[in-house]
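Notes follow the structure.
The values are calculated or read from the model by the stated rules, or taken from the named source; none is laboratory data. Just so you know, these numbers come straight off a predicted model, no measurement behind them. Here Cβ is always computed from backbone atoms with ideal geometry, including for glycine, and neighbour counts include all displayed protein chains. These area figures cover heavy atoms from the full protein model, side chains too; ligands, DNA and RNA do not enter into them. Shrake-Rupley method; radii C 1.70, N 1.55, O 1.52, S 1.80 Å.
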Amino acid sequence: MNCHHKNLALIVWGLMGITVHAQGTLDLNERIVPMQAPFNMPMLKRPSFPEADFSIQDYGAVADGKTPNTQAFAQAIAACHDAGGGRVVVPAGQWYTGPIHLRSNVNLYLSEGAEIVFSDRFEDYLPPVLVRVGGIEIYNYSPLIYARDCENIAITGPGKLNGNAEAWWAWSRKETRAFFEMGAQGVPVEERIFGTEEAAIRPSFIVPFNCKNVLLEGFSIGSGPNWTIHPIYCENVIIRRVNVTTDGPNNDGIDPDSCRNLLIEHCVFDTGDDCVVLKSGYNEDGWRVGKPTENVVMRFCQSKRGHGGLVIGSEMSGDVRNVYMHDCHFEGTERAIRIKSKRGRGGIVENIWARGLICKDMQREVAIMNMAYSADTREAQNTKAPVFRDIHISRIMGEGAPVAIKINALPDSPVENIFFQDIFIKSQKGVQCNFAKNVSFVHAMIAPQAGPTFQLGHCQDITLLDCGASPGTDVFLDVTDTECRNIQICESDLTDAQTPVSLAEGADPETVIFKNVRGVKP
């Protein structure tokens, strides 16, 4: 395909073939479109609740923004649960409260104009409850909204959840590391008790823990102490039409943690950290629990600020598999796809699919797979390498990124079986790939402002099929060492490259194999 024609074709499908749905008017009866995932994904349905309402006002709640309503929430939830379920209704107004603990068959409904403002008194979140922090099981301050061992629970409605959490944020600089050592040493979980200002471990905002059939729909949420929406060990989770606007340290948007069967759709993210980030435990404690995050669909979402649109890791020791993101729009986000880990994690990330993404003004890479994640400075007590394999990325249109795509793996654990197709990216730098095996770029137009289009080190079995050089290309392919093997350039036009291929000194000239390539002298 002629490069310029392909450029135009990709712009057309990028603008017309990707559908990103706006929030629109909230309809809690809106049909959930069936999921067409490239793996066996069950159809998820909203949990159903009896048609019975329990207003928190009937249990003494006062909407003045300062009177504590913790007991009124607890009593309304207990009454709803004991009656067989229904809605706990939060009317319009500002409702101040401590932690809210949901129970089975309860739908916490936030009416139009309702705002729940959470207490910033640390002692209100005691006694400690069982949670997972940074991939380690501990007892800590209660999350702002918590449910444990429940079925059929929901938070719905157009209202707002305000974590009022600025008082917690300074703790990020003094948090104890003792619980990480406990996890590595196998200290019994019942002995890992925290929940003190000295330990300074911030709770997450919403935590359903070991729950089944969970629905979060329609509300806005922000200003939490730590991770925002953090399902742990949950099954059958639907998160849709939620606006997540967060500031503060570690304010991820949604952190599914060792969960299975999860749908995230029509959400909007503007976060101080990762937007959607999949977890499954940290090092030894993650292996002990041994629960993967699996069967996840993310679709029709939009992201503004955020370290990554869809992120996996770095706590992924229990494995992450069967993930499908499609038809999403990222603008001003650091990265669209971010898979991060480091030596010591172990764990396998596999069968990951991303398709139909518009990526504008990325602050870092459009996509990155990184096994040298440096934000975690703790020394691992093992040398177990993570594994990234079987990753499929297609129909991506991006511009404005400093780097198009980056792969940075380990000598003893190269990324394997990575497939890119129909990629159009304008960026400052091109594709940077170190320690990879069996990677294909098919119908890809990478247009860097400077430097090589593809830079490969310690790679083997690489295929570049119909990957033309854009006008002004300095070097199309830069092979940086003598360890690369079997790099094939096929059906491509390198006419616009000043230097089609640059080989490291001492590299075998037969490292690169040309098949029907224009712009290369025989």
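All of (1) open to solvent by less than 10 Å² (accessible area, probe 1.4 Å); (2) more than 27 Å from residue 46 (Cα to Cα) hold for residue 76 with one exception: (2). Annotation note: of 135, 113, the sole residue that is open to solvent by less than 40 Å² (accessible area, probe 1.4 Å) and either at pLDDT 95 or above or in contact with a strand residue (DSSP E or B) (Cβ under 6 Å, 6 or more places away or on another chain) (or both) is 135.
In segment 236-252, which residue that is in a loop (DSSP other than H, G, I, E, B) and of a type in the set (Val, Ile, Thr) is farthest from residue 169 (Cα to Cα)? Outline the logic, then answer.
The initial filter retains those residues of segment 236-252 that are in a loop (DSSP other than H, G, I, E, B), namely 241-242, 246-252.
Okay, now just the ones that are also of a type in the set (Val, Ile, Thr), so 242, 246.
Details: 242: 23, 246: 12 Å.
Per the stated criteria, the residue is 242.
May I ask you to list the residues in segment 151-174 that are closer than 14 Å to residue 234 by Cβ and open to solvent by less than 10 Å² (accessible area, probe 1.4 Å)? Working first, answer last.
So the first thing to find is which residues in segment 151-174 are closer than 14 Å to residue 234 by Cβ, and the list is 151-155.
Of everything in segment 151-174, those that are closer than 14 Å to residue 234 by Cβ and open to solvent by less than 10 Å² (accessible area, probe 1.4 Å) turn out to be 153, 154, 155.
Can you go through 18, 56 and tell me which one is modelled with pLDDT under 90 and buried (at least 16 other Cβ atoms within 10 Å of the Cβ)? None of the other options fit; the residue is 18.
When segment 428-459 is filtered for residues that are open to solvent by 60 Å² or more (accessible area, probe 1.4 Å) and closer than 17 Å to residue 390 by Cα, the ones remaining, listed by number, are 437, 438.
Kindly evaluate residue 441 against the criterion of being part of a strand (DSSP E or B), touching a helix residue (DSSP H, G or I) at 6+ places or on another chain (Cβ under 6 Å) and closer than 23 Å to residue 397 by Cβ. In short, no.
Tell me, yes or no, whether segment 387-404 has at least one residue that is part of a loop (DSSP other than H, G, I, E, B), touching a helix residue (DSSP H, G or I) at 6+ places or on another chain (Cβ under 8 Å) and open to solvent by less than 40 Å² (accessible area, probe 1.4 Å).
Taking segment 387-404 and keeping what is part of a loop (DSSP other than H, G, I, E, B), we get none.
No, segment 387-404 contains no residue that is part of a loop (DSSP other than H, G, I, E, B), touching a helix residue (DSSP H, G or I) at 6+ places or on another chain (Cβ under 8 Å) and open to solvent by less than 40 Å² (accessible area, probe 1.4 Å).
Just a yes or no: is a residue in segment 357-380 part of a loop (DSSP other than H, G, I, E, B), open to solvent by 30 Å² or more (accessible area, probe 1.4 Å) and of a type in the set (Val, Ile, Thr)?
Filtering segment 357-380 down to residues part of a loop (DSSP other than H, G, I, E, B) leaves 361-364, 371, 373-380.
Now narrow it down to the ones that are open to solvent by 30 Å² or more (accessible area, probe 1.4 Å): 361, 363-364, 373-375, 377-380.
Going one step further and asking which of them are of a type in the set (Val, Ile, Thr), we end up with 377.
Yes, some residue in segment 357-380 is part of a loop (DSSP other than H, G, I, E, B), open to solvent by 30 Å² or more (accessible area, probe 1.4 Å) and of a type in the set (Val, Ile, Thr).
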